[in-house]
Amino acid sequence: MSKDDKNTKNLNATLKALNIGNYERHLFICTGTKCCSEQQGKDSWDYLKRRMRELNLVDKSVFRTRVGCLRVCRDGPVGLIYPEGTWYKDLTPDHIEAVLQEHLLQGRPVAELVIAHNPLPAKP
C-alpha cells in the first residue's frame with residue numbers, strides 16, 4: 001500500500017469515526033481572548049463538551065468546534081450554529097445550557113442571546 005493510499009485510508013477512518021457528513025447542525029464557539037477571558041473560554045468549552053455528551057448530542061446530530069476567533073471580538077464567548085446561521089453572544093455555561101435546551105433540542109433560537117442570522121443557502 002502506498003503512503004498516499006495509507007493516508008487516504010487513515011483520513012477516511014477518521015471522518016467515519018467523527019461521523020462527518022451526517023450532522024444536522026454544527027456549533028462553533030469562540031474561546032479567543034479578544035472576546036472573552038481565557039478562563040471564560042475554557043469554562044464555556046468544557047461545559048459545552050460535557051453537556052453535549054450528557055445530552056447524547058456528540059457524534060450524532062451536532063458537531064462542535066472550538067475556534068480561536070469568529071472576528072466579532074466582543075460580548076463573548078461568541079457562538080455560531082449552522083445551517084441556521086444563528087450567531088450568539090455571551091455563551092457562558094448558563095447561556096450554553098439555554099442554547100442546548102432551546103435551540104439544539106427544541107429548534108427555537110434563544111432570542112435574547114442572538115446577535116445575528118446568516119443562514120447557509122438552500123441546496124439547489
Total charge of the residues flanking Val72 in space, meaning their Cβ is under 14 Å from its Cβ, with Lys and Arg +1 and Asp and Glu -1, is +2
Within the set Ile81, Ile20, Ile29, GNM on the chain using Cα springs under 10 Å gives the largest fluctuation to Ile20
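Which value in deg cm²/dmol, rounded to the nearest 500, describes the helix-derived mean residue ellipticity at 222 nm for the chain, given -39,500 (n - 2.57) per DSSP H run of n ≥ 4 and division by the residue count?
Values: 3 runs with 38 residues, N = 124.
So the helix-based figure for the chain works out to -9500 deg cm²/dmol.
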Phi-derived 3J(HN,Hα) across segment 101-110 with the Karplus relation (6.51, -1.76, 1.60, θ = phi - 60°), rounded Hz, x for Gly and Pro, is 5, 8, 7, 6, 8, 10, x, 10, x, 8
The long-range amide H neighbours of Val67, using H built 1.01 Å from N in the peptide plane and a cut-off of under 5 Å, are Ile29, Cys30, Thr31
Diffing segment 62-79: the Karplus 3J(HN,Hα) column from phi (6.51, -1.76, 1.60, θ = phi - 60°), in whole Hz with x for Gly and Pro, holds 10, 9, 10, 9, 8, 10, x, 6, 9, 6, 7, 6, 6, 6, x, x, 9, x
In order over segment 34-44: 3J(HN,Hα) from phi, Karplus 6.51/-1.76/1.60, θ = phi - 60°, whole Hz, x for each Gly or Pro, gives 7, 10, 7, 6, 4, 5, 4, x, 5, 4, 5
Exposed-loop cut sites defined as trypsin sites (Lys or Arg not before Pro) in DSSP loop states with at most 12 other Cβ within 10 angstrom; longest site-free run of the chain spans 1-70
Computed over the chain: longest principal axis from alpha-carbon atoms vs helix 3-17 long axis, angle to nearest 10 degrees, is 40
For the chain, the Debye formula with one identical point scatterer on each Cα and no solvent gives log10 I(q)/I(0) at q = 0.18 Å⁻¹ as -0.93
Sorted by chain and then number, the residues having a modelled amide H within less than 5 Å of the amide H of Thr86, at least 5 places away or on another chain, are Ile81, Asn118
The pairs in Lys9/Lys49; Lys16/Lys123; Lys42/Lys89 lying past 21 Å Cα-Cα in this model are Lys9/Lys49; Lys16/Lys123
The distance between the Cα centres of segment 15-58 and segment 68-124, in whole Å, is 12
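Given R₀ = 35 Å, what would the calculated FRET efficiency be for Gln39 paired with Asn19, taking r from the Cβ atoms and rounding to 0.05?
It comes out at approximately 0.70.
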Percent of all alpha-carbon pairs of segment 1-57 at distances over 15 Å, whole number, is 67
Contact order relative to length for segment 24-117, counting C-alpha pairs under 8 Å separated by 6 or more residues, stands in percent at 33
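Computed from the coordinates by the stated procedures, all read-outs in this text should not be read as laboratory data. Remember, it's a predicted structure, so these values are computed and weren't measured experimentally. Note: ideal-geometry Cβ built from the backbone for every residue, glycine included; neighbour counts use all protein chains shown.
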